[in-house]
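Participant: I am attaching a structure below and will ask some questions about it afterwards.
The values are calculated or read from the model by the stated rules, or taken from the named source; none is laboratory data. Bear in mind that the values here come from a model prediction, so they are computed numbers and not experimental data. Using ideal geometry, Cβ is built from the backbone for each residue, glycine included, and neighbour counts are taken over all protein chains shown. Accessible surface is based on the protein model in full, side chains and every heavy atom, while ligands, DNA and RNA are left aside. Shrake-Rupley method; radii C 1.70, N 1.55, O 1.52, S 1.80 Å.
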Amino acid sequence: MQYGSFPTYRPRRMRDGELARTMIRETGLSADDFIYPLFVKPGTGCRDEIPSMPGVYQVSLDMLMAEVNELLDLGVHYVLLFGIPASKDEVGSSAWDEHGVVQEACRIIRAEAPSMYIICDVCMCEYTSHGHCGKLDEDGYVNNDATLELLSNEAVSMARAGAHMIAPSDMMDGRVGAIRAALDEAGFERIPILSYSTKYASAFYGPFRDAADSSPSFGDRRAYQMDPANAQEGVREAFYDIAEGADMVMVKPALSYLDVLRRVKSETGFPTVAYNVSGEYSMVKAAAAQGWIDEKRVVLELLLSMKRAGADMIITYHAKEAARWLSE
């Protein structure tokens, strides 16, 4: 492609004033792009701030609608639900309890805020006593195929409770196909799946484990989450999940994997979500608290970079403040 040269061509002409810049802006950002993670817990009167994630809370069911209504008032219409259960066991059976905290949250939101779109995270780590994402064998290794049934039970339970979309985050091989089959058999063929297709074993998840009380009691998750060195494998993982029935795919984390995000979007052509994870959020908050950065400009620039790299939607803990800033 050939362009004119200076002095005939002066790119700065179209940077002279906000209205000129707006005319040629290639990427937009709005509240419609955001999915906000919500952490629900048992009890009453609870709105507990997560120490490593200032401004993010674990809320009890009686406090849930205050969060939901605030989001709706800001123009954010998508939530991703995570549950902190009342009890845990070796197989995470509370994950598919008909009256589990996420299931009850779905019913409340459906009844009181029908315009809010509910996405339910499906994994075992919040519900198992050992904190790993599936059923363990006698050697402490997560048994992939045995875990598929547990994930399917969880997904169907959440669909029955009113989830609009199911989002498996466990990284077990074959889980999208197993969940799709289970949903269809239970009569939920209209429920889409947002797959955490390209999820890396990242150091950026630390604060989330405080938020969801999901730290593994031993070892780590590198045997099932992806090696950060592998980009091509990340694209393959997205294709595998699409073949199994995923309706949307995801790259997690976002900021250190924008190259992978671009490739997944470009090569699959599928709706693609970026997860702006807890560690990314907390770093910005910590720097802003010290006065080292302009928080508003940094947050909006980071989110814009994810859209520019190919994200159709962004899961972000910044959703409330970003939506507020964008409306100013």
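Participant: If I ask for residues that are more than 30 Å from Lys135 (Cβ to Cβ) and among the charged types (D, E, K, R), which ones from segment 49-92 would you list?
Facilitator: Glu49, Asp62, Glu67, Glu70, Asp73
Participant: Which pairs turn up if I take residues in segment 28-51 that are on the phi > 0 side of the Ramachandran plot and look for partners that are at pLDDT 95 or above and of a type in the set (S, T, N, Q) with beta carbon separation below 8 Å, at least 6 apart in sequence or on another chain?
Facilitator: Final answer for the pair search is Gly43/Ser60; Gly45/Ser60.
Participant: Given the options Asp312, Asp294, name the one that is out of contact with any Lys or Arg (no Cβ under 9 Å at 6 or more places or on another chain) and either under 22 Å from Gly245 (Cβ atoms) or of a type in the set (D, E, K, R) (or both). Outline the logic, then answer.
Facilitator: On the way: Asp312 fails: out of contact with any Lys or Arg (no Cβ under 9 Å at 6 or more places or on another chain).
The unique qualifying residue is Asp294.
Participant: Check Ala311 against each of (1) in a loop (DSSP other than H, G, I, E, B); (2) under 30 Å from His130 (Cα atoms); (3) among the hydrophobic types (A, V, I, L, M, F, W, C) and name the one condition it does not meet.
Facilitator: All conditions pass for Ala311, except number (2).
Participant: Only one residue in Glu90, Glu138 is out of contact with any Lys or Arg (no Cβ under 9 Å at 6 or more places or on another chain), modelled with pLDDT under 90, surrounded by fewer than 16 Cβ atoms within 10 Å (Cβ to Cβ) and of a type in the set (D, E, K, R), so which one is that?
Facilitator: Details: Glu90 fails: out of contact with any Lys or Arg (no Cβ under 9 Å at 6 or more places or on another chain).
Residue meeting the stated conditions: Glu138.
Participant: Tally the residues that are within 17 Å of the chain's Cα centre (by Cα) and part of a strand (DSSP E or B), restricting the search to segment 56-76.
Facilitator: Residues meeting the conditions: 3.
Participant: Which residues, taken from segment 280-313, are among the acidic types (Asp, Glu), touching a strand residue (DSSP E or B) at 6+ places or on another chain (Cβ under 9 Å) and open to solvent by 40 Å² or more (accessible area, probe 1.4 Å)? Walk me through it before giving the result.
Facilitator: Of all residues in segment 280-313, those among the acidic types (Asp, Glu) come to 280, 294-295, 301, 312.
Now restrict to residues that are touching a strand residue (DSSP E or B) at 6+ places or on another chain (Cβ under 9 Å): 280, 312.
Selection gives Asp312 alone.
Participant: Hey, another quick one. Take Ile242 and tell me if it is of a type in the set (Val, Ile, Thr), open to solvent by 10 Å² or more (accessible area, probe 1.4 Å) and touching a residue at least 24 places away in the same chain (Cβ under 8 Å).
Facilitator: In short, yes.
Participant: Another question about this same structure. Could you tell me how many of the residues in segment 77-127 are outside any loop (DSSP other than H, G, I, E, B) and closer than 19 Å to Arg47 by Cβ? Working first, answer last.
Facilitator: Keep residues of segment 77-127 that are outside any loop (DSSP other than H, G, I, E, B), which gives 78-83, 89, 93-96, 101-112, 117-122.
Within this subset, residues satisfying the condition of being closer than 19 Å to Arg47 by Cβ are 79-83, 101-102, 104-105, 108-109, 112.
Residues flagged as outside any loop (DSSP other than H, G, I, E, B) and closer than 19 Å to Arg47 by Cβ within segment 77-127 amount to 12.
Participant: Which of the residues belonging to segment 1-20 are in a helix (DSSP H, G or I) and open to solvent by 90 Å² or more (accessible area, probe 1.4 Å)?
Facilitator: Arg12, Arg13, Arg15, Glu18, Leu19
Participant: Can you tell me which residues in segment 256-275 are buried (at least 17 other Cβ atoms within 10 Å of the Cβ) and within 13 Å of Asn230 (Cβ to Cβ)?
Facilitator: Tyr257, Val260, Arg263, Val264
Participant: Right, here's the next one. Applying the selection to segment 128-146, what residues are part of a loop (DSSP other than H, G, I, E, B) and not hydroxyl-bearing (Ser, Thr, Tyr)? Quick ask: steps written out before the conclusion?
Facilitator: Narrowing segment 128-146 to residues part of a loop (DSSP other than H, G, I, E, B): 129-135, 137-141, 143.
His130, Gly131, His132, Cys133, Gly134, Lys135, Asp137, Glu138, Asp139, Gly140, Asn143 - these are the residues of segment 128-146 that are part of a loop (DSSP other than H, G, I, E, B) and not hydroxyl-bearing (Ser, Thr, Tyr).
Participant: Is it the case that Tyr196 is open to solvent by less than 10 Å² (accessible area, probe 1.4 Å), more than 20 Å from Tyr36 (Cβ to Cβ) and at pLDDT 95 or above?
Facilitator: On the way: open to solvent by less than 10 Å² (accessible area, probe 1.4 Å): yes; more than 20 Å from Tyr36 (Cβ to Cβ): no; at pLDDT 95 or above: yes.
Answer is no for this residue.
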